[in-house]
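Student: Provided herewith is a single structure, encoded as structure tokens, for subsequent inquiry.
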Amino acid sequence: MIVKVCDTIMGAGKTESAITLMNQDKESRYVFITPYLDEVERIKRSCSGRKFKDPQSKGKGKLENLHYLLSMRDNIASTHALFESYNDETISLIQDGGYKLILDEVFQAVQTIPISPKDLQMLKREMIEVDSEYRVRWVNDDYEGRFEDLRDMCMTGNVILYNDCLLLWKFPIEVFQSFDEVIILTYMFDAQVQKYYFDIHNIEVQRIGTVCENGVYHFSDTPHIPDYVAELPKKIHIIEDEKLNKIGEMRSSLSVSWYKKARDVKGQPLIKQLRNNLTNLFKNMLNSSSDRNLWTVFKDYQALLKGKGYTKGFLSCNVRATNAYRNRDCLAYCVNVYYNPLLKNYFQEQGVEVREDDYALSEMIQWVWRSAIRDGKEIWIYIPSRRMRELFRNWLNGISHGNTTD
């Protein structure tokens with residue numbers, strides 16, 4: 001199995017190239033998966049001759065409607081959420097229909113399943129068994145209760161017990177193998193969970209790019225670098241203020257563990273300082289109205305940092321699926337991203353290299369591209385973490401010299 005990955009910067013025409021392919025390749029059937037609901041509608045409009053269908057919640061739900069559409073050999077445009085629920089019946093219908101997959105943005109092929117140690121121990125005693133390959137099997141066939149979702153995942157054979165404290169759900173590789181061809185549209189693929197997932201399964205990756213000829217984008221073996229990329233360092237203004245940035249000098253500053261410790265300290269002086277920095281930034285330094293402001297912190301600490309003039313501009317730091325903030329040009333990125341240590345250890349034990357700094361940078365770039373920069377407008381961004389600021393600054397310096405991948 002070979003997966004084609006179009007790994008190019010935002011605005012390089014990845015989706016446009018996919019639309020060109022689907023309109024020209026009329027002999028093939030396609031499933032187009034995207035995190036964006038409005039992109040589903042875009043595919044339906046742009047490929048009107050291919051009559052793409054969007055599974056609807058009717059009857060027994062979207063999955064059953066998807067199965068019906070696949071059985072009718074329709075082209076499908078749908079979301080990541082539905083894609084993650086594919087099962088054996090879906091796989092069979094995809095194989096029978098000879099479908100090709102275009103996946104817009106990677107998704108979390110390997111995820112943690114939140115569960116307390118106490119509940120896990122109870123399940124091990126009464127509900128589950130673990131085989132020699134650490135796969136979890138549900139053994140209580142008559143069970144009804146709050147772990148029914150977990151039961152259903154276990155019955156797919158894709159839950160494992162790792163380190164006796166974490167359950168992982170691995171998206172079945174058979175879903176990808178059921179398609180005649182797979183193309184993934186993304187940026188910085190080597191830093192993504194899905195890359196590590198493919199590495200574990202020994203899936204070969206072929207890099208492709210995009211090119212624009214006569215005003216039409218299409219896939220190419222030679223990547224195309226959009227003209228606007230050279231202008232990015234001139235349009236993205238990083239706040240370089242010693243007083244505001246002092247709070248993030250240490251490598252671990254503004255990480256999840258840093259916030260936890262800062263919250264638990266009596267009086268929360270670091271939290272108060274960061275909140276004051278945000279107020280000073282938006283009110284005094286940038287003098288921006290609330291509808292221009294965009295900021296983020298880890299969700300558990302949002303309430304601690306909110307303040308007058310910017311509270312409503314909060315956007316979760318791991319959001320990719322929204323274009324609703326493209327008018328925002330005054331940004332504050334108050335996180336320092338590290339890879340989940342348990343997942344990191346899991347991948348490393350499988351012999352997979354985890355590129356943690358690249359992962360952090362890719363998460364930040366995706367968040368920044370929710371803002372006005374996606375329309376080529378200038379933005380100003382406060383990055384109090386020295387580590388994240390340097391990663392972002394080095395990336396900007398790199399793309400100014402034509403390097404859009406590292």
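The values are calculated or read from the model by the stated rules, or taken from the named source; none is laboratory data. Keep in mind the model is a prediction, meaning the values are calculated, not measured. Backbone-built Cβ (ideal geometry, glycine too); neighbour counts: all protein chains shown. All accessible areas refer to the heavy atoms of the entire protein, side chains included, with ligands and DNA or RNA removed. Shrake-Rupley method; radii C 1.70, N 1.55, O 1.52, S 1.80 Å.
Student: Just by accessible area at a 1.4 angstrom probe, what is the order of T279, T15 from largest to smallest?
Tutor: Values: T279 50, T15 15 Å².
These residues rank, largest area first, as T279, T15.
Student: Once you have a ≥ b ≥ c as the square roots of the Cα gyration tensor eigenvalues for region 220-352, tell me rounded if a/c is under 1.5, and otherwise prolate or oblate according to whether a/b is larger than b/c.
Tutor: Oblate, because a/c is 1.5 or more while a/b does not exceed b/c.
Student: Which number do you get for Rg(Cα) / (2.2 N^0.38 Å) in region 1-67?
Tutor: 1.25
Student: Express the carbon and sulfur contribution to the solvent-accessible surface of the chain as a percent, rounded to the nearest whole number, probe 1.4 angstrom.
Tutor: Here it works out to 46 percent.
Student: Okay, next question. Give me the percent of DSSP beta bridges within the chain that run antiparallel, rounded to the nearest 5.
Tutor: Of those bridges, close to 30 percent are antiparallel.
Student: Also, quick follow-up: Report relative contact order for the chain in percent, whole number only (criteria: Cα-Cα under 8 Å, sequence separation at least 6).
Tutor: 20
Student: Could you bin all the Cα-Cα distances of region 1-119 into 5 Å bins starting at 0 and give me the percent of pairs in each, rounded to whole numbers?
Tutor: It works out to 2, 10, 20, 23, 20, 12, 6, 3, 2, 1, 0, 0, in whole percents.
Student: Taking N as the number of residues in region 149-275, what value does Rg over Cα atoms divided by 2.2 N^0.38 Å take?
Tutor: Working: Rg = 22.7 Å, N = 127, 2.2 N^0.38 = 13.9 Å.
Rg over 2.2 N^0.38 Å, computed on Cα atoms: 1.64.
Student: Also: At what distance in nm do the modelled label points of R45 and N287 sit from each other, each positioned 7 Å from its Cα along Cα→Cβ?
Tutor: 3.8
Student: I've got another one for you. Quantify how much of the Cα-Cα distance distribution of region 309-371 extends past 19 Å, in percent.
Tutor: Tail of the P(r) past 19 Å holds 42 percent of the pairs.
Student: Starting from the eigenvalues of the Cα gyration tensor, five times each then square-rooted, give me the equivalent ellipsoid semi-axes of the chain, largest first, whole Å.
Tutor: 36, 30, 19
Student: Can you work out the base-10 log of I(q)/I(0) for region 41-188 at q = 0.14 1/Å, using the Debye formula on its C-alpha atoms alone?
Tutor: Once normalised to I(0) and log-transformed, intensities are -0.79.
Student: Would you please classify the overall shape of region 103-153 from the alpha carbon gyration tensor, given that a ≥ b ≥ c denote the square roots of the eigenvalues, rounded means a/c under 1.5, and beyond that prolate means a/b larger than b/c while oblate covers the rest? Mind showing how you got there, number by number?
Tutor: Working: a/c = 1.95, a/b = 1.74, b/c = 1.12.
Prolate.
Student: Here's something else I'd like to know. For R73, project a label point 7 Å along Cα to C-beta. Then give me every residue of region 13-43 with its amide nitrogen under 17 Å of that point.
Tutor: From region 13-43, the list is 25-31.
Student: Write down the accessible area per residue of region 294-376 in Å², having rolled a 1.4 Å probe over the full set of protein chains.
Tutor: 40
Student: Answer rounded, prolate or oblate for region 102-211, using the Cα gyration tensor with square roots of eigenvalues a ≥ b ≥ c: rounded when a/c is under 1.5, else prolate when a/b is larger than b/c, else oblate.
Tutor: Details: a/c = 2.65, a/b = 2.35, b/c = 1.13.
Prolate, since a/c reaches 1.5 and a/b exceeds b/c.
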